[in-house]
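Notes follow once the structure below has been shown.
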Amino acid sequence: MRSILLLSWSFLIPFLPNYFGIQMVLASGQCRSDQQSLLLQMKNSFRLSNDSVFPSTKLSQWSSHQSSDCCDWSGVRCDEAGHVIGLDLSREPIIDGLENATGLFDLQYLQSLNLSFTLFYGFQIPSRLGNLTNLTHLNLSQGGFGGEIPIEISSLTRVFGQSAEFEDLGSQRVWVAREVSRKDIAGSYP
């Protein structure tokens, strides 16, 4: 009987703050000014499509005037120290490649990068992604990338594990990495 009573009270706990007018807020760190500057540099280096069918819902909202805390910006996640650790740019209409994305490759604390469903049609995966050595999650699906996978990507051992390897297939060398989920990612490099 006692366990049933305790169990029933535990369901009420989330509602008690609202009943008493107490606001609960999940806290993350205040964005560091250097991190905000890097994000704004990156945003300003992108060219966004003006297509009303595929509008920007994240980058178009980023501004130093919008919020002094970039950790509150859509698509940005920070740690307690205010470092940007997650960046979700999925479904953003970025129409140029990433090679000149100033700021992006200097986000040294970045652990998660989502570039899925973007408009990088035909642009190569930038070799400078290999500089983001703290990445543990990288999503490039349906990004429209073309060309060869740069060898520098193999330095992202936290994403792909230690099993990145290269195989010779006649005149072409192929890079293969086995992810923890056992999915294969493969591509050619020069």
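Each reported figure results from applying straightforward, stated rules to the coordinates on display, with no laboratory input. Being a predicted model, the structure only gives us computed values, none of them experimental. Don't worry about glycine lacking a Cβ; one is built from the backbone with ideal geometry, like all the others, and counts go over all protein chains shown.
Which residues in the range 87-110 place their backbone N less than 20 Å from a point set 7 Å from the Cα of Ser74 along the Cα-to-Cβ direction? Label zone hits: 87-96.
Against the empirical 2.2 N^0.38 Å scaling, what ratio does the C-alpha Rg of the range 37-147 come to?
Normalised Cα radius of gyration, the range 37-147: 1.00.
Per-residue extension of 0.36 nm, minus the Cα-Cα distance of Arg47 and Ala81, leaves a gain of 9.2 nm for this segment. Cβ-Cβ distance of Ile151 and Gln108, R₀ of 30 Å, FRET efficiency by 1/(1 + (r/R0)^6): the value works out to about 0.90.
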